[in-house]
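What follows is a set of notes on a single structure, which appears directly below.
Readers should treat all values here as calculations from the given coordinates under stated rules, not as data from a laboratory. What you are looking at is a predicted structure, and each value in this text was computed from that prediction instead of being measured. Here the Cβ is made from the backbone with ideal geometry for all residues, glycine too, and neighbour counts use every protein chain on show.
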Amino acid sequence: MEKRPVRFLLNTHWHYDHVGGNAVYGPEAIIVAQENVRKRLMTQQIPFWSRTAIGPSPERAWPVITFRDMLGIHFAGEDVELDHYANGHTDGDSVVHFAHANVVAVGDIFLGKASVISRC
Ligand SMILES: [Zn+2]
């Protein structure tokens, strides 16, 4: 299989297990996220699951394209729509819909068990 570069990273929210690749791929890939994700990554955060502070993330990990409510990306024959779900798992959750593939990535909004609400 041909090794191709990562062109886009779509962050569904700011938690480290969802943005951990940003600093690795960020210099070359375009990082896209809801505007609150960028704000969270630019400043120190105290997550709901720990009293240990996280961040701020290095600048190369910050999203460079942000949106408030919705964003469309048309790339490589795919129509991708990111929709912000305010008051979800965090204040920056997005659901990503890949129209042609008929696939939805929901981040941590759906955990397969009782929802965890973050007050971060
Ligand atoms: Zn999360």
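Nearest 0.05, what FRET efficiency do A76 and T43 give at R0 = 35 Å with Cβ-Cβ as r?
0.55
Going by C-beta contacts inside 10 Å, put M42, M1 in order with the fewest on the left.
Lowest count first: M1, M42.
In nanometres, what is the gap between the two model label sites at A23 and T52, each 7 Å from Cα along Cα-to-Cβ?
Result for the modelled spin labels: 1.3 nm.
Among I31, I46, I65, what is the fewest-to-most ranking by other Cβ atoms within 10 Å?
I46, I65, I31
Pull up the DSSP beta bridges for the stretch 8-105 and report the antiparallel fraction as a percent, rounded to 5.
Given both bridge residues lie in the stretch 8-105, the antiparallel proportion sits at roughly 70 percent.
Could you compute how fast the chain diffuses translationally, taking Rh as the Kirkwood radius over C-alpha pairs and applying Stokes-Einstein at 25 °C with viscosity 0.890 mPa s? Give it in µm² per second.
165
Can you put R51, R40, R68, R60 in order of Cβ neighbours within 10 angstrom, beginning with the fewest?
In order of increasing Cβ crowding within 10 Å: R51, R68, R60, R40.
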